[in-house]
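In what follows, a single structure is set out as structure tokens and then discussed.
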């Protein structure tokens, strides 16, 4: 490749990560001369998808720039690992919180209504009655 840039590096990292080659993805990620929020989030998501929540959290803590998607991925990761307190703590540390948007994005693939409800039960401003009103297949 004549010119390597953040797009080409990110494409390679994503390719490795999506094929379950986390070690290769991480090596390439660590070699990148510059990283953007997309590649940071992709690497965090790869760890979350593999259930490696400690690695995901370590990378998330080092991320220089976060967006709503990266926050949601970490919250979802904590929930998938049944670490409700971690999800709540992370949610509460968000600079801008939007509970309905979080609920749609972070729980889009979660099918465990009790996990979702226990998460929202710990948020002082959110009623879990809203979770009860959702159709069973809405998660």
Check: Given 0.36 nm per residue, what is the gain on full extension from residue 32 to residue 89 after removing their alpha carbon distance, in nm?
Finding: 17.5 nm
Margin query: For the range 1-65, what does the relative contact order come out to in percent, with C-alpha contacts under 8 Å and a separation of six or more?
Written below: 29
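Bear in mind that the values in this text are calculations on the coordinates, not laboratory data. Because the structure is predicted, anything quoted here is derived from the model rather than measured.
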